[in-house]
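The values are calculated or read from the model by the stated rules, or taken from the named source; none is laboratory data. These figures come from a predicted structure and were not determined experimentally. When we count neighbours, we look across all protein chains shown, and the Cβ atoms used for this are built from the backbone with ideal geometry, even at glycine. Please note that ligands, DNA and RNA were not included when accessible areas were found on the heavy atoms of the full protein model with its side chains. Shrake-Rupley method; radii C 1.70, N 1.55, O 1.52, S 1.80 Å.
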Amino acid sequence: MFDSQLCIGINDEDLVSRSLLNRDFFGCLVKRYEAPLLRYIHRITNVSSEEAHDLLQESFIKAYSNLNGFDVTLSFSSWMYRIVYHQVISAYRKKSIRPEGHLLDIDDEILGRIKTEENILKDIERKDISRLVQEAIESLDEKYREVIVLYYLEEKNYQEISDILEKPPGTIATLLNRAKKKLRELLYKKY
């Protein structure tokens, strides 16, 4: 049985070290990242809830199996997101799962970040914003959708996105700028 008291006050990297000696500590990392990673899987795929849970479980198994190879230059969060990203790509290749998000869950806070940065939703009525933004993000090419989801919805910074997607930060900046431009174009067309 998992004791959540083990997790209190311990950062991710220390939990990784402790997990190598006692697997119970890996349960802390699972508890900490289960919900955000499951949300991430739903955002970048169109798999069922059961398939998303399977992908997540496979990702945690892979992470635990490779814990000795944890790259200490990355945050555990980035490393875990990278594993999940690769599991999704692998599943896509194996089963032709189309990596299109369908549970983007655009809330007011996310809209505020997009609106503040791009000012593209200025005159659109509030009730239509979520639907329009969700449709626009879903229609982006995968490479653009990935960076939009990671930056705005998962709140990852450029370096974390770079670590997850294994692309240089400059490439991430370029992709994000192009994605925002395409998003702006799509939203203007719909409005």
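Worth pointing out:
- Where a residue in region 77-92 is farther than 16 Å from L38 by Cβ and its partner, wherever it lies, is open to solvent by less than 30 Å² (accessible area, probe 1.4 Å) and modelled with pLDDT under 90, with Cβ under 7 Å and at least six apart: W79/F70; Y92/P99
- When restricted to residues that are under 16 Å from the mean Cα position of the chain (by Cα) and open to solvent by 80 Å² or more (accessible area, probe 1.4 Å), region 17-37 contains 1.
Residue by residue, here is whether (1) over 22 Å from E51 (Cα atoms); (2) modelled with pLDDT under 55 holds:
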residue: E100; (1), (2): no, yes
residue: D105; (1), (2): no, no
residue: E118; (1), (2): yes, yes
residue: I124; (1), (2): yes, yes
residue: V133; (1), (2): yes, no
residue: I148; (1), (2): yes, no
residue: K156; (1), (2): yes, no
residue: I161; (1), (2): yes, no
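- Of the residues making up region 1-16, those that are under 21 Å from S75 (Cβ atoms), out of contact with any Ser or Thr (no Cβ under 9 Å at 6 or more places or on another chain) and open to solvent by 30 Å² or more (accessible area, probe 1.4 Å) number 5.
- Within region 38-73, being part of a loop (DSSP other than H, G, I, E, B), aliphatic (A, V, I, L, M) and open to solvent by 10 Å² or more (accessible area, probe 1.4 Å) holds for one residue alone: V72.
- Unmet criterion (only one of (1) touching a helix residue (DSSP H, G or I) at 6+ places or on another chain (Cβ under 7 Å); (2) farther than 25 Å from Y144 by Cα) for I61: (1)
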